[in-house]
Amino acid sequence: MPQTVTNETIGTITYEPADPECSWETTLPFAAREVVLNVWFDGATMTPTRLASVSRFPAQLPFFDTTARAAMHDDWPASDSTVRDYLAHHVDDLDDDACSAALGTSDPSSLDAASFIARLHLVRIGLYPDAPAHNAVFDYTTGRELTDNLIAVKFDTTGTLMEIAMES
């Protein structure tokens, strides 16, 4: 029998308690775009308290977006930079017009961290209240029409940044 749980920030989620892989989705307006908000959970464990444990992320979306972008900026100079790898992974596949549309320049080597990160769009927030780590994942892209790959910035329930990864 379907049940519901409501959170002031996230809204009302209807789910089947017997389903071990429940998901719920909505969109949020942010930065003149729509951002997908997914909540993934085990139906048997969903409670108002569980939902509240991840509600801080959409409730404080501007703060976490700023934190994610600052972390990407800090990642840029590293020899194993995920952010620069993401850029390098895609520029070879783009012609000059597509590169200019996505990055604002046909010469990606001219981009610095701030310029590139400013071109990234937050497209999805995944919330995982049952996960032992990475309870929120903020997915960024230069454009879904150009690539399925994302820069995933991952946080734990305390809001501490855990990882930056390239994912598809």
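Here, each number is a calculation from the coordinates, and none is a lab measurement. Every value quoted in this text rests on a predicted model; they were computed, and no experiment measured them. Ideal geometry is used to build each Cβ from the backbone, glycine not excepted, and the neighbour counts take in all protein chains shown.
I want the local charge near Ala68. Using Cβ-Cβ distances under 13 Å, sum +1 for each Lys or Arg and -1 for each Asp or Glu among the other residues.
-2
Any idea what Rg and Dmax come out to for the stretch 50-110 if you just take the C-alpha atoms, in Å?
Expressed in Å, the Cα Rg and Dmax of the stretch 50-110 come to 15.9, 47.
Averaging over all projection directions, find the projected area of the Cα convex hull of the chain and quote it in nm² with one decimal place.
Averaging across all directions leaves 10.1 nm² for the Cα convex hull.
Could you work out the local net charge near Thr4, counting Lys and Arg as +1, Asp and Glu as -1, over the other residues with Cβ closer than 15 Å to its Cβ?
-2
Calculate the all-directions average of the projected area of the stretch 21-92's alpha-carbon convex hull, and give it in nm². All intermediate terms of the calculation are to be shown ahead of the outcome.
Numbers: hull surface 28.5 nm².
Averaged projected hull area, Cα only: 7.1 nm².
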